[in-house]
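Sharing a structure here in structure tokens format.
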Amino acid sequence: GGNDIQISNAAWTGLMIDDVLSATISDNSVTSTGTPDEAAVALAVSGFGVGSTNVQASGNTFSNFSRALNVANWSGGTIDMDVTLTGNVFDFPIDASPKVADLVRIKDEIDARHNVWGTTTDPTVLATYVHYDADTIANGGSILLDPVGLP
């Protein structure tokens with residue numbers, strides 16, 4: 001933790017945690033300078049071949065991205081995704097779907113409570129800014145947003 005990461009004109013992701021058994025990411029600052037691509041996501045977590053994935057991210061600040069989260073289970077939804085992303089700051093406008101999160105093939109409940117989502121503080125509104133792919137809907141995947149951190 002404690003890193004200050006600068007990315008010029010982010011095209012896809014600021015910080016990506018891909019196919020790990022376990023990871024803890026805390027107290028980092030990740031900034032996209034210039035103009036990020038409309039698909040540029042601040043934090044992406046994906047699982048595939050290693051088996052169950054346990055990722056914890058807290059106390060991080062992500063600035064100047066287009067979207068906050070992408071959580072994907074590329075194994076077809078068969079592995080467990082224990083993902084807790086709490087107490088982070090997403091310092092950019094969060095005002096449309098899928099700017100909070102894009103959930104792909106998720107069968108688990110993602111814990112994304114206590115985050116700051118730009119200036120949007122109503123968890124009911126934030127919930128409408130989450131995109132669930134068909135597999136996530138079929139598998140019962142979800143994301144917890146309430147309570148929300150204040151800007």
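The values are calculated or read from the model by the stated rules, or taken from the named source; none is laboratory data. Source: prediction; values computed, not measured. Positions of Cβ are generated from backbone atoms using ideal geometry, with glycine treated the same way; all protein chains shown enter the neighbour counts. We work out accessible area using only protein heavy atoms, side chains counted, and drop any ligands, DNA or RNA first. Shrake-Rupley method; radii C 1.70, N 1.55, O 1.52, S 1.80 Å.
Which numbered condition in (1) within 14 Å of the chain's Cα centre (by Cα); (2) touching a residue at least 40 places away in the same chain (Cβ under 8 Å); (3) part of a loop (DSSP other than H, G, I, E, B) is the only one that residue 39 fails?
Among (1) within 14 Å of the chain's Cα centre (by Cα); (2) touching a residue at least 40 places away in the same chain (Cβ under 8 Å); (3) part of a loop (DSSP other than H, G, I, E, B), residue 39 violates only (2).
Condition first: in contact with a Phe, Trp or Tyr (Cβ under 6 Å, 6 or more places away or on another chain) and surrounded by fewer than 20 Cβ atoms within 10 Å (Cβ to Cβ). Now tell me which residues in the range 76-93 satisfy that.
Passing the criteria: none in range.
If you don't mind, there's one more thing I want to ask. With the structure loaded, tell me whether residue 47 is surrounded by 14 or more Cβ atoms within 10 Å (Cβ to Cβ), out of contact with any His (no Cβ under 7 Å at 6 or more places or on another chain) and not β-branched (Val, Ile, Thr) or whether it fails that test.
yes
Turning to a different aspect of this structure: Filter the range 102-117 for residues that are touching a strand residue (DSSP E or B) at 6+ places or on another chain (Cβ under 6 Å) and part of a loop (DSSP other than H, G, I, E, B); which is most open to solvent (accessible area, probe 1.4 Å)?
In this case the residue turns out to be 114.
Only one of (1) assigned to a loop (DSSP other than H, G, I, E, B); (2) farther than 18 Å from residue 42 by Cβ; (3) at pLDDT 95 or above is not met by residue 124, so which one is it?
(1)
Consider the range 56-101. How many of its residues are within 26 Å of residue 8 (Cβ to Cβ), in a loop (DSSP other than H, G, I, E, B) and among the aliphatic types (A, V, I, L, M)?
3
Sticking with this one: Which residue is nearest to the chain's Cα centre (by Cα), if the candidates are limited to the range 26-36 and must be assigned to a strand (DSSP E or B) and surrounded by 15 or more Cβ atoms within 10 Å (Cβ to Cβ)? Even if it seems obvious, please write down each step before you answer.
Going through the range 26-36, the residues assigned to a strand (DSSP E or B) turn out to be 26, 29-33.
Going one step further and asking which of them are surrounded by 15 or more Cβ atoms within 10 Å (Cβ to Cβ), we end up with 29-32.
Details: 29: 15, 30: 13, 31: 15, 32: 16 Å.
My answer is 30.
Would a scan of the range 64-75 turn up a residue that is open to solvent by 30 Å² or more (accessible area, probe 1.4 Å) and among the aromatic types (Phe, Trp, Tyr)?
yes
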